[in-house]
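Notes follow the structure.
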Amino acid sequence: MDIQLMIKKALEAREFAYVPYSKFKVGASVLMEDKTIYTGCNVENASYGATNCAERTAVFKAISEGKRCIHAICVVGSLTNFTYPCGICRQVILEFASDNCKVIIGKNLNDYIVKDLGEIIPGAFTKENLE
Ligand code: THU
């Protein structure tokens, strides 16, 4: 996995963020198991609850193009503090995550943290709970 490419793509997508309310830009990139990369930004709404986070934008783009398995996801929000995926995004990523799915939390090309998805959503509710 090329972590710097993932961060670069997240940073590029971040520039497209539609954030008239929070002014908080977020970009994401998602690496699927077939090595394709999709990107997304946060898209806010005057009805605040209709806002879509960057991570979910990227994941939904991939899923809607027929991809199913996430190998890694990268998020860049603040350029000075690490911005972790929100709880809803963690749950959505998990739905499509490969075993060992990585989450890259970046500030810039050289300053990032890599986590296993399982570390940031322990004890999660998954499809197995519905069986
Ligand atoms: N946001 C994301 O895009 N991803 C996250 O994981 C955290 C929050 C966005 C949503 C909203 O547009 C802004 O950041 C402030 O919450």
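Points to keep in mind about this one:
- Of all residues in segment 67-85, those satisfying the criterion of being open to solvent by 50 Å² or more (accessible area, probe 1.4 Å) and not aliphatic (A, V, I, L, M) are Arg68, His71, Thr80, Asn81, Phe82, Tyr84.
- Residues in segment 1-22 that are open to solvent by 60 Å² or more (accessible area, probe 1.4 Å) and assigned to a helix (DSSP H, G or I): Gln4, Leu5, Lys8, Lys9, Glu12.
- Tally, over segment 116-131, of residues that are among the β-branched types (Val, Ile, Thr) and not in a helix (DSSP H, G or I): 2
- Members of segment 112-131 found to be open to solvent by 60 Å² or more (accessible area, probe 1.4 Å) and not basic (Lys, Arg), listed by number: Tyr112, Val114, Glu119, Pro122, Gly123, Phe125, Glu128, Asn129, Leu130, Glu131
- Qualifying residue in segment 43-55 (condition: at pLDDT 95 or above, within 22 Å of Lys8 (Cα to Cα) and over 15 Å from the mean Cα position of the chain (by Cα)): no
- Residue within segment 111-124 that is in contact with a Cys (Cβ under 7 Å, 6 or more places away or on another chain) and closer than 18 Å to Asp34 by Cα present: no
- Restricting segment 23-72 to residues that are in contact (Cβ under 8 Å) with a residue 40 or more places away in the chain and either part of a loop (DSSP other than H, G, I, E, B) or out of contact with any Cys (no Cβ under 7 Å at 6 or more places or on another chain) (or both), the residue that is farthest from Asn100 (Cα to Cα) is Phe24.
- Among the residues of segment 95-104, none qualifies, meaning not one is among the aromatic types (Phe, Trp, Tyr), open to solvent by 70 Å² or more (accessible area, probe 1.4 Å) and not in a strand (DSSP E or B).
- Selection over segment 23-42 of residues that are open to solvent by 60 Å² or more (accessible area, probe 1.4 Å) and within 13 Å of the ligand (Cβ to nearest atom) gives a count of 3.
The values are calculated or read from the model by the stated rules, or taken from the named source; none is laboratory data. Model, not experiment: these values are computed from the prediction. Every residue, glycine as well, gets a Cβ built from its backbone with ideal geometry; the counts of neighbours run over all protein chains shown. When the accessible area is computed, the model is the full protein with side chains, heavy atoms only, and any ligands, DNA or RNA have been set aside. Shrake-Rupley method; radii C 1.70, N 1.55, O 1.52, S 1.80 Å.
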